[in-house]
Amino acid sequence: CLVDIAGRPLLDYWFDSLAKANIRDVLINTHHLPGPVRRFISVKNASGFRVVEFFEPELLGSAGTISANPDWADDADDVLIIYADNLSALDLNTFMDFHRGHGNAFTMLLFHASNPSACGIAEIDSAGRIVGFEEKPREPKSDLANAGIYAVTATSWREMAGMKAFDLGFDVLPRFVGRMCGYVYEGFHRDIGTLDALDSASRELTRLIAD
């Protein structure tokens, strides 16, 4: 999550986006090389954020982190969940406004995938409600892929925590089908989870900054 992209750590871009959306309470789970992340957190805490680290000696999975922190949403109306291997130009204010406006419990960011079989794929109806979701389907029913960013109500956070599940894509998201909406994003959003993807995204972002 601190990988260098165009001269800045990835988390720095996300904290800029959080600040613009006036989101100041942040939970970060750590496992590999927690020391540098802790130093980064101390700097952000000094700049007006309230960042809490949750260290996982053994990885709990994307849903396990939520299960281990059921009280995180107690003083909130909504919670934003962001996977740490994404680089995105998404306007979080716009995303959260969409979430609060549709009245459903859950919002999933979606993008058009070039290889849908490698992603979690959603089907949406004419109202934008997600009516089907399958993780890495053999025969995808659409190209709308899970982008790894969600907005959920505090009640939904507690419901997910109570599932005691391991993986959001396989274990949790299918249970919210019919109760969540998809926000289709056409802007810059890249998974940087491999070295090739990181290099490509870094070059793209450098060009965008230069323009």
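The values are calculated or read from the model by the stated rules, or taken from the named source; none is laboratory data. This is a predicted model, so every value here is computed, not measured. Counting neighbours? That spans all protein chains shown, and the Cβs are built from the backbone with ideal geometry, glycine included. Quick note on the areas: whole protein, heavy atoms, side chains included, nothing else; ligands and nucleic acids left out. Shrake-Rupley method; radii C 1.70, N 1.55, O 1.52, S 1.80 Å.
For the stretch 1-97, what Kirkwood radius comes out of the mean inverse Cα-Cα distance, in Å? Please report the intermediate quantities before stating the final value.
On the way: mean 1/r = 0.0698 Å⁻¹.
By the Kirkwood definition, the hydrodynamic radius is 14.3 Å.
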Taking the dipole about the Cα centre of the stretch 9-99, with the C-beta of Lys and Arg at +1 and of Asp and Glu at -1, give me whichever of Met96, Ser42, Thr65 is farthest to the positive side. Ser42
Roughly what % antiparallel, to the nearest 5, for the DSSP beta bridges in the chain? 70 percent
Could you tell me which trypsin sites (Lys or Arg not before Pro) in the stretch 85-141 are loop residues by DSSP with no more than 16 other beta carbons within 10 angstrom of their beta carbon? Arg138, Lys141
Using a Gaussian network model on the chain with a 10 Å cutoff between Cα atoms, which of Gly132, Gly182, Gly193 fluctuates the most? Gly193
Near Lys44, which lysines are there with a Cα under 30 Å away, not counting those fewer than 8 places off in the same chain? Lys20
Would you work out the charge dipole size for the chain about its Cα centre, treating the Cβ of every Lys and Arg as +1 and the Cβ of every Asp and Glu as -1, and quote it to the nearest 20 debye? 220 debye
What span do the alpha-carbon atoms of the chain cover on each of the three principal axes, reported in whole Å from largest to smallest? 43, 41, 33
Sorting Asp211, Asp71 on solvent-accessible surface, 1.4 Å probe, most exposed first, gives Asp211, Asp71
Glu53 and Arg8 label points (each 7 Å along its Cα→Cβ direction) are spaced in nm at 2.3 nm
